[in-house]
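Below is one structure, written out as structure tokens, with a few remarks after it.
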Amino acid sequence: MLWVILLVVVVAVLAYRFRAPLLAKILGQDRSRIDRQLNRRKD
């Protein structure tokens, strides 16, 4: 059971690290455009 939790954590971390290319692929947008959106300051 522990390995399931560990797997979920690893997948979540990888998805967070590679969110720009993943979102670009899913949404069909340019990666640079998604990078700009993600890195924009949220005031």
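Values in this text are rule-based calculations from the coordinates and carry no lab data. Nothing here was measured: the structure is a model prediction, and the numbers come from that model. Reconstructed Cβ throughout: ideal geometry from the backbone, glycine too, with neighbour counts over all protein chains shown.
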Exercise. How many residues, within the chain, are outside any helix (DSSP H, G or I) and loosely packed, with under 10 Cβ neighbours inside 10 Å?
Worked result: 6
Exercise. Of all residues in the stretch 1-26 being small (Gly, Ala, Ser) and farther than 12 Å from LEU38 by Cα, which is nearest to the chain's Cα centre (by Cα)?
Worked result: ALA15
